[in-house]
1. For region 122-151, name all the residues that are over 17 Å from residue 71 (Cα atoms), among the polar types (S, T, N, Q) and not in a strand (DSSP E or B).
2. Which of (1) open to solvent by 60 Å² or more (accessible area, probe 1.4 Å); (2) within 20 Å of residue 129 (Cα to Cα); (3) in a loop (DSSP other than H, G, I, E, B) is the odd one out, the single condition residue 113 does not satisfy?
3. Which residue, of 90, 139, 103, is without any contact (Cβ under 8 Å) to a residue 60 or more places away in the chain, on the phi > 0 side of the Ramachandran plot and not basic (Lys, Arg)?
4. Among the residues of region 10-48, which ones are open to solvent by less than 50 Å² (accessible area, probe 1.4 Å), under 29 Å from residue 140 (Cα atoms) and in contact with a Leu (Cβ under 9 Å, 6 or more places away or on another chain)?
5. Suppose we filter region 113-130 for residues that are touching a strand residue (DSSP E or B) at 6+ places or on another chain (Cβ under 8 Å) and touching a residue at least 40 places away in the same chain (Cβ under 8 Å); how many remain?
6. When you look at residue 89, is it at pLDDT 90 or above, under 25 Å from residue 120 (Cα atoms) and of a type in the set (S, T, N, Q), yes or no?
7. Which residues, counting only those in region 134-155, are exposed (fewer than 13 other Cβ atoms within 10 Å of the Cβ) and not polar (S, T, N, Q)?
8. State all residues of region 61-105 that are in a strand (DSSP E or B) and either of a type in the set (Ser, Thr, Tyr) or open to solvent by 50 Å² or more (accessible area, probe 1.4 Å) (or both); if no residue qualifies, say none.
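The values are calculated or read from the model by the stated rules, or taken from the named source; none is laboratory data. What you see is a predicted model, and the numbers here were worked out from it, not measured in a lab. Every residue, glycine as well, gets a Cβ built from its backbone with ideal geometry; the counts of neighbours run over all protein chains shown. Please note that ligands, DNA and RNA were not included when accessible areas were found on the heavy atoms of the full protein model with its side chains. Shrake-Rupley method; radii C 1.70, N 1.55, O 1.52, S 1.80 Å.
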Amino acid sequence: IVVSQPPGGAYVKSIRAQRKDVTDAPLDLHSGDRIQGMEIVIAADGAQLNGSVKESSSGPPVSGASILLFPADARLIGPNSRYIRTVKTGQQGEVALQGLVPGEYKLCALLDHESGAEFDPEYLQGLDRVSKAVTLSAGQATSETLEAVPPPARD
């Protein structure tokens, strides 16, 4: 079950089906099965991440860089993961993300990013050395300044 990103600062907090938490796990269904008792909880207090990207610590801002936010826990990486977000920086290297699920993340700025690579666990593992650990809390805004780096080589 995939629920699109709610508007504004909201996020999907939990999904329960047939008395089972299926928020971050697949729900096994067979032909003719009926789902009863579906419960989707949307929280309005998502975390917010603001920041900027520069060429170097004292360099100019980088517009069009890809910001990649992904979970520190590799078990939360996969297609349609609600913990993975990408966004391009603006003209002055600025970025803003809202409606983020609270938790432990890794964050990096890439000069070039192949769309879809963010769901590949090996690709993300290659970003460990250039990523910054961040903790996002419900209802709070976090600000980070990053240096843009080239993406890791892919096979």
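1. If the condition is that a residue be over 17 Å from residue 71 (Cα atoms), among the polar types (S, T, N, Q) and not in a strand (DSSP E or B), then 140 is the only one that fits.
2. Going through (1) open to solvent by 60 Å² or more (accessible area, probe 1.4 Å); (2) within 20 Å of residue 129 (Cα to Cα); (3) in a loop (DSSP other than H, G, I, E, B) one by one, residue 113 breaks only (1).
3. Every option except 103 fails the conditions.
4. If the condition is that a residue be open to solvent by less than 50 Å² (accessible area, probe 1.4 Å), under 29 Å from residue 140 (Cα atoms) and in contact with a Leu (Cβ under 9 Å, 6 or more places away or on another chain), then 11, 15, 46, 47 are the ones that fit.
5. Here the count works out to 4.
6. yes
7. Hits for region 134-155 are 139, 150, 153, 154, 155.
8. Matches in region 61-105: 61, 66, 85, 86, 88, 94, 96, 98, 104, 105.
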